[in-house]
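The values are calculated or read from the model by the stated rules, or taken from the named source; none is laboratory data. Bear in mind the structure is a predicted one, so any value in this text is a computation, not a measurement. Reconstructed Cβ throughout: ideal geometry from the backbone, glycine too, with neighbour counts over all protein chains shown. We work out accessible area using only protein heavy atoms, side chains counted, and drop any ligands, DNA or RNA first. Shrake-Rupley method; radii C 1.70, N 1.55, O 1.52, S 1.80 Å.
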Amino acid sequence: MQHTMRGIAFHPSLRWSVVLGIVCAIGLGLARAEFDPHGIIDVGRFSAARPGGTLPDGWKPLTFRKIERYTVYRLIEDDGTVVVEAVSDGGASGMTRELSVNLKEHPYLSWRWKVTGVLRGGDVTRKEGDDYPARIYVTFEYDSSRLGLLERAKYEAIRLLYGQYPPLGAINYIWGSNADVNTVVPNPHAEQAMMFVVESGTQYVNRWVSESRNVYEDYKQAFHHEPPLVSGVAIMTDTDNTQESAVAYYGDIVFSKGPVDLD
């Protein structure tokens, strides 16, 4: 086994509606997450659920205006463990979990995932290719102290119009098609969503891969300042741009003080 987020992408027809959809789904100003004595914060303990049942408490659908075809998420048993299966056929939607995490205390995000193939038209650098068989994104709370006067005015205008502040940034951990692993680029629709290529290509197709990322360090690399509190995590398999099909599986997801092997 190798150890190594629709991120807030502005589709031309959606613009702020996608960002605000994510904010409303994930939430802001959340209570701190509960964690066990070993310092592990459960984001998605899917393995404790039942096949065919509902996702653990706190998980809810994330859909977007003007995207009518949704990805289907369901709990199934795979190799003796309950996981989330995601099936997308020319559509897009996600599942989100709101929680507040201080990355100085719990910097690592660990998860397992598997894909059955990559997208022929997937391209992390192009709007038309902004689809991924699997992605996990992390959003961060709004913090006005990090903005200049003009930026604060823009965010305040958006809040007055939509009733929510958009997040200042997001990190997308993606399974790409052709990009080199460890590539870090802005989302082609929105520069405040940074794309981290964690896996790419077909080498590990149909195999469970365990990942562990230092989100604290990734955020500083992407945005060049200390991260605010995490506001939520989402999983997403999307194919609306490429109009292709994808199937992916997501295992347990946790924040922790150090890297965690979830195998």
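Across region 66-107, the number of residues qualifying as closer than 18 Å to A234 by Cβ and touching a Pro at 6+ places or on another chain (Cβ under 7 Å) comes to 4.
You will find that of R120, R50, R135, the residue that is under 27 Å from N241 (Cβ atoms) and open to solvent by 10 Å² or more (accessible area, probe 1.4 Å) is R120 and no other.
Residue-wise test of (1) β-branched (V, I, T); (2) at pLDDT below 90; (3) closer than 25 Å to A92 by Cα.
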residue: W208; (1), (2), (3): no, no, yes
residue: N214; (1), (2), (3): no, no, no
residue: I235; (1), (2), (3): yes, no, yes
residue: T242; (1), (2), (3): yes, no, yes
residue: S245; (1), (2), (3): no, no, yes
residue: I253; (1), (2), (3): yes, no, yes
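Would it be correct to say that A234 is open to solvent by 10 Å² or more (accessible area, probe 1.4 Å) and among the aliphatic types (A, V, I, L, M)? The answer is no for A234. The single condition among (1) over 20 Å from the mean Cα position of the chain (by Cα); (2) of a type in the set (A, V, I, L, M, F, W, C); (3) modelled with pLDDT of 95 or more that F35 does not meet is (3).
Of the strands (runs of 3 or more DSSP E) lying entirely inside region 54-98, those containing at least 3 residues that are modelled with pLDDT of 95 or more and over 16 Å from V43 (Cα atoms) are 72-78, 81-89. Just one residue in the set E105, E151 is at pLDDT below 90 and not in a strand (DSSP E or B); that residue is E151. Reported count of residues in region 206-225, each being among the aliphatic types (A, V, I, L, M) and open to solvent by 30 Å² or more (accessible area, probe 1.4 Å), is 0. As a summary of the residue check, P228 satisfies the conditions (1) within 19 Å of H106 (Cα to Cα); (2) part of a strand (DSSP E or B); (3) open to solvent by less than 20 Å² (accessible area, probe 1.4 Å) except for the one numbered (2).
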